[in-house]
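The next block holds one structure in the form of structure tokens; read it before the comments.
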Amino acid sequence: MASDHQSGGSLLRRIRLRKASGTAKPLTQRGGANHLDYRVQRENVAVQFVSRNRRRRALLLGALALGALRQRTFAAGTREVRISKGFGILYLPLLVMEKMQLLEKHAVRHNAGDVVVRWVLLDGGSSINDAMMANTLDFAGTGAPGFIDLWSKARGIPNVEVVGVSGLSATSLWLNSNRKEIRSLHDFTAADRIAVPGIKTSLSAVVLQMASAKILGASRFADLDAITVNYPHPEAMRALIAREQGITAHFTSPPFSYLEVQYKNVHRVLSSVDVLGNITLDVVFAPKKFTDSNPELVSAFLDALDEANHFIATNVEAAAAMFVAASKVTVSVGAVTEMLRDPDTRYSTIPHQVMDYMDFLYSIGTIKNKAQALNELFVPQLWARHRT
């Protein structure tokens, strides 16, 4: 099993993480008396920006296609499948699939042949969409808005169309701030900076727009766009806690959301669940050409994901230990176990309220093509498994 690590907006950031020490005193978990034992390992991140002009963007995507992410040659009868995942517990089912080699197992059961899975770490909707368009991914875990945006733009274009494979996860995104004056969305000023993994395109950015529309008013959905800045979650957490790089807020998922509020200078401003409900946040999608040509592999993927979800539900501490071993921050197994037992955190192949994103993105003009029902967005194998 192979693994690659690339992250950053539009594949235009190269991130080097260097580990350093740092600790946080445990605080009482919200809604209960249990104390969580957190130890935060801070990371120094050197970010090199690459020019956004078309020529260099094309060269970068070409390098990815021909380099680390390309499909490799294996023995006869063996094929490579390339899957991306991101930071945080939203991607835990994919991590379990990786560590337990579940796709390899179910591919054999579905007569899809022997597969070698290459796992790629990508953060931010634009970077994932770029990689998909460069034909360097077969399956991608991503925020639902990023998938919908690409689905709309690519609809009807042969060899470019994408399709949803499954739902993935739901939890509560927390907007945390290190400025005590900020208690609601109304309190942000032009001097503030809100870290999200992709400006206007990432899951956090779109959910922030949706929350703004609910709280500030529909016409003010983009009021906070001008103060959002592009940072991967681990870097954003470090900057928020250390009050560096002008970051005064971070809209993020567990474990980062939980870890940040363990510091006395950081507090939660809002929870996405309180504003939008427990909506599916992440989904898995793929090139439509790939799913049409490999229906048996799609079925194998769905079975593997179902098994991963069952494993998490029935072996919470073991799943938490897997996450801790792979995490970019140091956090105890007990702490992650508590996060996984939070009723806001759910894993399911069935997408929930995904059309809310579709309606919102269409209403603000981000997308031009709109699906009328979920069965237009996702593979038929998903609905064949879950007929109601």
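The values are calculated or read from the model by the stated rules, or taken from the named source; none is laboratory data. If you're wondering where the values come from, they're calculated on a predicted model, not measured in any experiment. When we count neighbours, we look across all protein chains shown, and the Cβ atoms used for this are built from the backbone with ideal geometry, even at glycine.
The residue pairs whose first member lies in region 306-329 and is more than 18 Å from P343 (Cβ to Cβ), whose second member is among the aromatic types (F, W, Y), and whose beta carbons are closer than 7 Å, counting only pairs six or more residues apart or on different chains, are K328/F87. State all residues of region 278-331 that are small (G, A, S), modelled with pLDDT under 95 and buried (at least 17 other Cβ atoms within 10 Å of the Cβ); if no residue qualifies, say none. Selection gives S327 alone. As for region 361-368, it holds no residue that is farther than 21 Å from G164 by Cβ, touching a strand residue (DSSP E or B) at 6+ places or on another chain (Cβ under 9 Å) and at pLDDT 95 or above.
The residues of region 143-172 that are of a type in the set (D, E, K, R) and in a loop (DSSP other than H, G, I, E, B), listed by number, are R155, E161. Inspect all residues belonging to region 325-338 and state whether any of them is hydroxyl-bearing (S, T, Y) and in contact with a strand residue (DSSP E or B) (Cβ under 6 Å, 6 or more places away or on another chain). Within region 325-338, none of the residues are hydroxyl-bearing (S, T, Y) and in contact with a strand residue (DSSP E or B) (Cβ under 6 Å, 6 or more places away or on another chain). Quick check on L175: is it in contact with a strand residue (DSSP E or B) (Cβ under 9 Å, 6 or more places away or on another chain), hydrophobic (A, V, I, L, M, F, W, C), closer than 23 Å to I364 by Cβ and outside any loop (DSSP other than H, G, I, E, B)? Yes; evaluated as a whole, the condition is true for this residue.
Could you check region 199-217 and list, in sequence order, the residues that are more than 24 Å from V283 (Cβ to Cβ) and touching a residue at least 12 places away in the same chain (Cβ under 8 Å)?
I215, L216, listed by residue number.
Of all residues in region 180-239, those satisfying the criterion of being surrounded by fewer than 21 Cβ atoms within 10 Å (Cβ to Cβ) and either charged (D, E, K, R) or on the phi > 0 side of the Ramachandran plot (or both) are K180, E181, R183, D187, D192, R193, K200, K214, G217, R220, D223, D225.
Being in a loop (DSSP other than H, G, I, E, B), of a type in the set (V, I, T) and closer than 15 Å to V96 by Cα, is that true of even one residue in region 343-363?
Looking through region 343-363, at least one residue is in a loop (DSSP other than H, G, I, E, B), of a type in the set (V, I, T) and closer than 15 Å to V96 by Cα.
One residue is enough: does region 115-122 have a residue meeting the conditions assigned to a helix (DSSP H, G or I) and either over 14 Å from L302 (Cα atoms) or not assigned by TED's automatic domain parsing to the domain that holds L208 (or both)? So far as region 115-122 goes, no, none of its residues is assigned to a helix (DSSP H, G or I) and either over 14 Å from L302 (Cα atoms) or not assigned by TED's automatic domain parsing to the domain that holds L208 (or both).
When only residues in region 134-144 that are touching a strand residue (DSSP E or B) at 6+ places or on another chain (Cβ under 9 Å) and of a type outside the set (S, T, Y) count, which is modelled with the lowest pLDDT? Outline the logic, then answer.
Initially, region 134-144 is screened for residues touching a strand residue (DSSP E or B) at 6+ places or on another chain (Cβ under 9 Å), giving 135-144.
Of the ones still in play, those that are also of a type outside the set (S, T, Y) are 135, 137-141, 143-144.
Details: N135: 87, L137: 94, D138: 96, F139: 97, A140: 95, G141: 95, G143: 92, A144: 95.
Here the residue is N135.
Restricting attention to region 102-114, which residues are under 18 Å from S293 (Cβ atoms) and either surrounded by fewer than 22 Cβ atoms within 10 Å (Cβ to Cβ) or outside the structural domain of A326 (by TED's automatic domain parsing) (or both)? H110, N111, A112, G113, D114 - these are the residues of region 102-114 that are under 18 Å from S293 (Cβ atoms) and either surrounded by fewer than 22 Cβ atoms within 10 Å (Cβ to Cβ) or outside the structural domain of A326 (by TED's automatic domain parsing) (or both). Of all residues assigned to region 161-181, at least one qualifies as being outside the structural domain of M322 (by TED's automatic domain parsing), farther than 23 Å from Y347 by Cα and either free of Cβ contacts under 8 Å to residues at least 40 places away in the same chain or within 17 Å of the chain's Cα centre (by Cα) (or both).
Could you grab me the full set of residues in region 82-93 that are β-branched (V, I, T) and either free of Cβ contacts under 8 Å to residues at least 40 places away in the same chain or in a helix (DSSP H, G or I) (or both)? Selection gives I89 alone. Among residues that are touching a Lys or Arg at 6+ places or on another chain (Cβ under 9 Å) and surrounded by 21 or more Cβ atoms within 10 Å (Cβ to Cβ), W119 is not included. If you take the residues in region 311-340 that are within 18 Å of the chain's Cα centre (by Cα) and not in a helix (DSSP H, G or I), which one is nearest to K99 (Cα to Cα)? Filtering region 311-340 for residues that are within 18 Å of the chain's Cα centre (by Cα) and not in a helix (DSSP H, G or I), the one nearest to K99 (Cα to Cα) comes out as S327. Contact map, region 119-133: first residue within 13 Å of V196 (Cα to Cα) and of a type in the set (S, T, N, Q), second residue at pLDDT below 80 and assigned to a helix (DSSP H, G or I), Cβ cut-off under 7 Å, separation 6 or more or different chains; pairs are S126/G9; S126/S10. A single member of V108, V96 is part of a helix (DSSP H, G or I) and without any contact (Cβ under 8 Å) to a residue 24 or more places away in the chain, and it is V108. Restricting A131, A140 to residues that are under 21 Å from V117 (Cβ atoms), in a helix (DSSP H, G or I) and in the same structural domain as L103 (by TED's automatic domain parsing) narrows the list to A131.
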